[in-house]
1. Rounded to the nearest 20 Debye, what is the dipole magnitude of the range 81-236 about its Cα centre when Lys and Arg each give +1 and Asp and Glu each give -1 at the C-beta?
2. Let me have the relative contact order for the range 114-244, percent, based on Cα pairs under 8 Å that are six or more residues apart.
3. Treat each spin label as a single point 7 Å out from the Cα along the C-beta direction, and report the A412 to A331 distance in nm.
4. In what sequence, highest mean first, do 82-93, 160-171 appear when ranked by Cβ atoms within 10 angstrom?
5. Arranged from highest to lowest average of other beta-carbon atoms within 10 Å per residue, in what order do the peptides 375-383, 259-267 appear?
6. Taking amide H atoms as placed 1.01 Å from N in the peptide plane, list the residues 5 or more away in sequence, or in a different chain, whose amide H sits under 5 Å from that of F310.
7. Over the Cα atoms of the range 114-244, compute the convex hull volume and normalise it per residue, giving Å³.
8. Label points 7 Å out from Cα along the Cβ direction at K391 and S318: separation in nm?
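No value in this document is a laboratory result; all are computed from the given coordinates. Everything numeric here is computed off the predicted structure, so don't read it as measured data. Cβ atoms come from the backbone with ideal geometry, glycine included; neighbour counts cover every protein chain shown.
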Amino acid sequence: MRRRYFLQSSTAAAVVALTGCGGGGSGSSTAAAGAATASDLPVSVATPATAGTTTAATTATTPAQPTVRTTGYPFGSRLDPYAAGIRPSQSNATMDTLLTKQYDAWKAANVVRADSVVSGGYAVQFSDRTYLTVSEGMGYGMLLTVLFHGHDADAQKLFDGMLSVVRARPAYGLVSNGQPSAKYLMDWRVSANGASAGDGWNAMDGDLDIAMALLMADRQWGSAGKWNYLEEGKGTINALRACNMNSDGSTRGLPSPTNNRTSDYMIGHFRAFKAATGDTLWGLAVDKAYQLLDRMQTVYSPSAGLMPDFVMNTNSASPQPSTGYIGDGNANEGYYWWNACRNPWRFSSDYLLSGDTRFAQVTGKMIDFFNRSSGGNPTNIGTGYALDGTKLSGGNSAAYSGPICAGACVDARFQTFLDAMWDWNAKNLTTGYYDSEIQLLSLVVASGNWWTTA
């Protein structure tokens with residue numbers, strides 16, 4: 001089992017280690033680390049809009065007709081055509097059959113009851129069974145359940161159970177540190193007995209996915225039921241802004257707010273957050289992420305187009321790869337390692353929907369390198385690279401090969417390589433934590449089934 005560390009993107013959190021691969025309210029702002037009951041959780045219920053009254057002075061005026069928002073996006077429907085890119089040389093039916101079977105296998109292996117946290121709760125089981133879950137896994141699980149509605153009749157029940165766990169374990173350390181909105185963020189780790197185990201701090205990547213999943217849930221199911229998904233999503237977005245963002249649009253890390261993690265540059269999420277809130281900071285976040293990625297590639301990885309797990313001095317004219325021990329607490333933070341391996345998936349998923357060619361270029365540089373260095377053979381792709389392209393670790397991992405498959409969708413010049421990457425993933429599906437979630441989400445993107453609310 002690999003040891004991977006996680007950045008907790010908050011202003012006061014300590015760097016904490018986890019064994020394995022993963023991890024980093026409308027909950028009570030004074031929540032302690034003990035288990036919560038259902039009664040501890042306020043239930044958000046949408047209030048139906050009330051029609052305006054008509055006075056004698058306005059009886060001759062025809063009132064404006066309300067905009068009708070349709071809900072529902074069943075898996076396989078591909079309601080939002082991609083704006084750009086290519087897909088594997090497979091039929092939609094073939095890809096969807098593979099993905100739904102793999103989703104079922106993933107769910108059976110990883111989604112567990114979490115009644116020790118809250119009655120009716122569900123969680124994505126973490127690889128180290130000392131812990132029940134981490135916020136990263138909850139974000140992945142919420143994305144997957146909302147995406148596979150229409151295939152999984154229990155998707156909303158599982159989603160709501162996961163949301164209940166998220167809200168029952170808020171980032172209480174940030175709340176007590178003067179950030180009341182952090183009740184909408186999750187304590188980044190939960191112990192096997194259901195108690196908070198992350199000292200009440202959040203991990204940005206988990207909360208970014210949770211916020212995105214909530215916006216998608218509003219489109220999928222509407223917000224007039226047990227949970228007002230839209231308001232919960234906006235609450236999480238605003239809390240991320242307050243706790244995890246700088247005013248220039250850069251994400252905030254540790255031990256300095258001018259250090260950050262490239263895998264937190266979730267460009268498509270940022271666009272959706274701007275659309276949901278109207279907050280221009282999220283537009284700045286898109287531009288700042290591109291600036292940092294472009295510098296990492298052109299200055300530090302001109303031959304391979306890679307980027308490091310962590311970046312330092314993001315507020316300066318000369319941001320640089322981590323020199324080590326500033327984020328996850330290890331010497332490999334300046335390499336394309338177990339965080340940055342997710343980036344081709346994150347960046348391509350935005351380009352395919354937005355058509356923003358900046359992120360096709362960023363992704364394309366990485367895919368050119370992997371295609372060239374592997375000779376087009378997925379089995380030659382390793383698990384870790386220096387920025388000059390030197391392979392640091394052998395073996396194959398779906399956490400690397402899944403995102404590379406999604407990344408190869410950005411340009412027709414990668415069609416042969418894309419088909420090889422799809423075939424490798426289809427033959428090497430896994431249910432192990434971290435690898436399985438990343439692989440499945442990446443293949444959803446490659447198959448044309450990804451969508452957002454941007």
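1. Numbers: 13 positive and 16 negative charges, 27 e Å.
Here the size comes out at about 140 debye.
2. Values: 255 pairs, mean separation 33.9, N = 131.
The value is 26 percent.
3. That separation, rounded to one decimal, is 4.7 nm.
4. On the way: 82-93: 15.7, 160-171: 28.2.
Ranked by mean Cβ neighbours within 10 Å, highest first: 160-171, 82-93.
5. Details: 375-383: 15.3, 259-267: 26.0.
Final packing ranking: 259-267, 375-383.
6. T262, S322, Y335
7. Values: hull volume 11.8 nm³, N = 131.
Looking at the range 114-244, the number lands at 90 Å³ per residue.
8. 3.5
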